[in-house]
Amino acid sequence: MEVKTKNFKNVLLHWYKDNKREYAWRNNSDPWSIYLLEVISQQTQLDRADKYFKKFIKEFPTPNDMATTSFKKVLKMWSGLGYNSRAKRMFESSKIIAEKSFDDLYPDFQQLPGVGPYTENALLSFAYNEQVITEDINVKRIISRYFGIENPKKYIDRFSSLLLKNTNSRNLNQAFMDFGSSVCKPRSPLCYDCPLENTCEKYFNYETKPVERFSGSNRELRGNLIKLLLKKGNLKVKTIQQELDTDQDRLNEILKKMQKDGLVKLNTNNLVEINPGWY
């Protein structure tokens, strides 16, 4: 397994050297820039995330710039990305970082709302040059397929030091990112164009969760609801139902979830509004 691991790493890094995608943030070590990118790129293709990242970093070059603006403005800029709760957690985090700074939080970035092991490791690797592997779905999928194992985390725990030996973690993690999105894709992987194909176990049992169709989904309805409130202000539930052309039970469930997430508030007059606590 050790010999195969060394070969795997060398081939992957060689592929990355020849095929890496160029982004302005690729060589950036600013923690705020990396944090923004990681939040924006969750469940979003990198090319699309890059466009939003440029927009956000231009408007909010520092955590304080976001912390001192309104949540409504952040939501408007976020429009089109979906999963609006990410925007809320990003806004919350900006206030914490503006007060404490990333260096004060280091290395425990999971103190920030919505930050889990992956984003924490991304910050440690890309901003602080720590020798860690960002265990996102690309890394786990590639390792599971190539080595033919059901539990890629066990492999990472055992062989991470070998993978990172004499290697810059930034390059290795970005190699995983690019390789997983362009060659070893979740669906229809390009095995015929893969430099690892001859030694790959081609184990396809470990996959991502089925992707929810966006059109007609609750995600789409939540996004449209936020857009409606941003455009027209506070609205009665009945008006929202008519505007979005949806049934009452479905709308009630979505409003209940969005209230729990802190995105909207339902006042005593049965008016729905974007949570005023975030303005």
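The values are calculated or read from the model by the stated rules, or taken from the named source; none is laboratory data. All values derive from a computational prediction rather than experimental measurement. Cβ placement follows ideal geometry from the backbone for every residue including glycine, while neighbour counts extend to all protein chains displayed.
Numbers for the structure displayed
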{"item": "Test for residue 101: is it of a type in the set (S, T, N, Q), out of contact with any Cys (no Cβ under 9 Å at 6 or more places or on another chain) and over 26 Å from residue 176 (Cα atoms)", "result": "yes"}
{"item": "Checking residue 44 against (1) polar (S, T, N, Q); (2) farther than 30 Å from residue 233 by Cα; (3) under 15 Å from the mean Cα position of the chain (by Cα), the condition it does not meet", "result": "(2)"}
{"item": "All helices (runs of 4 or more DSSP H) inside the range 50-130 with 1 or more residues being among the basic types (Lys, Arg)", "result": "71-78, 84-100"}
{"item": "Enumeration of residues in the range 1-23 that are part of a helix (DSSP H, G or I) and surrounded by 13 or more Cβ atoms within 10 Å (Cβ to Cβ)", "result": "4, 5, 6, 8, 9, 11, 12, 13, 15, 16, 19"}
{"item": "Cross-chain or 6+ apart pairs with Cβ under 7 Å, the range 76-91 first and farther than 9 Å from residue 223 by Cβ, then of a type in the set (Phe, Trp, Tyr) and in a helix (DSSP H, G or I)", "result": "77/56; 87/78; 88/278; 91/71; 91/278"}
{"item": "Criterion (under 30 Å from residue 270 (Cβ atoms) and modelled with pLDDT of 90 or more) met by exactly one of 237, 183", "result": "237"}
{"item": "Residue that is farthest from residue 143 (Cα to Cα) [pool: residues in the range 208-228 that are at pLDDT 55 or above and assigned to a loop (DSSP other than H, G, I, E, B)]", "result": "216"}
{"item": "In the range 93-139, the residues that are acidic (Asp, Glu) and modelled with pLDDT under 95", "result": "135, 136"}
{"item": "Lone qualifier among 162, 172 - being hydrophobic (A, V, I, L, M, F, W, C), at pLDDT 95 or above, farther than 20 Å from residue 29 by Cα and in the same structural domain as residue 10 (by TED's automatic domain parsing)", "result": "162"}
{"item": "Residue among 39, 11 that is of a type in the set (Val, Ile, Thr), in contact (Cβ under 8 Å) with a residue 24 or more places away in the chain, over 17 Å from residue 126 (Cα atoms) and in contact with a helix residue (DSSP H, G or I) (Cβ under 9 Å, 6 or more places away or on another chain)", "result": "11"}
{"item": "Identity of the residue in the range 142-164, hydrophobic (A, V, I, L, M, F, W, C) and in contact (Cβ under 8 Å) with a residue 24 or more places away in the chain, that ends up farthest from residue 201 (Cα to Cα)", "result": "164"}
{"item": "Some residue of the range 25-33 being modelled with pLDDT under 95, surrounded by fewer than 19 Cβ atoms within 10 Å (Cβ to Cβ) and touching a Ser or Thr at 6+ places or on another chain (Cβ under 8 Å)", "result": "yes"}
{"item": "Scan of the range 223-251 for residues that are farther than 23 Å from residue 73 by Cβ, among the polar types (S, T, N, Q) and out of contact with any helix residue (DSSP H, G or I) (no Cβ under 8 Å at 6 or more places or on another chain), ordered by number", "result": "239, 242"}
